[in-house]
1. Of 103, 82, 62, which is farthest on the positive side of the dipole of the chain, counting Cα position, with +1 on Lys and Arg Cβ, -1 on Asp and Glu Cβ, and the Cα centre as origin?
2. If you put +1 on each Lys and Arg Cβ and -1 on each Asp and Glu Cβ, how big is the dipole of the chain around its Cα centre, in Debye rounded to 20?
3. Could you tell me the center-to-center distance, by alpha carbons, between segment 82-119 and segment 45-67 in angstrom?
4. Rg and Dmax in Å for the chain, alpha carbons only: what are they?
5. So what is the diffusion coefficient of segment 24-83 in µm² per second by Stokes-Einstein at 4 °C and 1.567 mPa s, using a Kirkwood Rh over Cα pairs?
6. Sort 117-126, 81-90, 47-56 for me by packing, meaning the mean count of neighbouring Cβ atoms within 10 Å per residue, highest on top.
7. Among 31, 4, 42, what is the fewest-to-most ranking by other Cβ atoms within 10 Å?
8. What full-extension length gain, to one decimal in nm, is calculated for residue 115 and residue 60 as 0.36 nm per residue of separation minus the Cα-Cα distance?
Amino acid sequence: MVGIVIVSHSVKIAEGVKELALQMARKDQLIIAAGGTNTGDIGSDPMKIQAAIEAADKGDGVAVFADLGSAVMSVGLAKEMIDPQLAQRVCLANAPIVEGAIAGAVEAAMGSPLEKVLETAYGARNMEKQ
């Protein structure tokens, strides 16, 4: 099953997105929140993200969802710090963090491959709100 990592500058946002995604996906879907810094402050920490990616990988890949620019940069740094074979199975989703993570988690929980999880998450960009 594809693992999901939620990267936000805020611990509360990352945990909240994880909570919402788990409400929609199977309870055994692996979703790791990597929000804030190791001291609990607002920000992003490549080492925290690295640990989350490694914990989320069970061999089928990891879809990472990030909120803002420096979190995206921190994901890139984290990928540079992990084993190169694992890094090939890790993709940053080009999707909104909330809608994309929920859609991606549901798709992953159905046993879909990483490419399909990312495609579904990307599709959440066009979700109508009216």
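Values quoted throughout were computed directly from the atomic coordinates according to the rules given, and no laboratory measurement underlies them. What you are looking at is a predicted structure, and each value in this text was computed from that prediction instead of being measured. Note that we place each Cβ from the backbone using ideal geometry, even for glycine, and neighbour counts take in every protein chain shown.
1. It is 103, whose Cα lies furthest towards the positive end.
2. The calculation lands at about 160 debye.
3. 10 Å
4. For the chain, the Cα radius of gyration and maximum Cα-Cα distance read 13.1, 44 Å.
5. Rounded to a whole number, D works out at 107 µm²/s.
6. Ranking the peptides 117-126, 81-90, 47-56 by packing returns 47-56, 117-126, 81-90.
7. 42, 31, 4
8. Full extension from residue 115 to residue 60 adds 18.8 nm.
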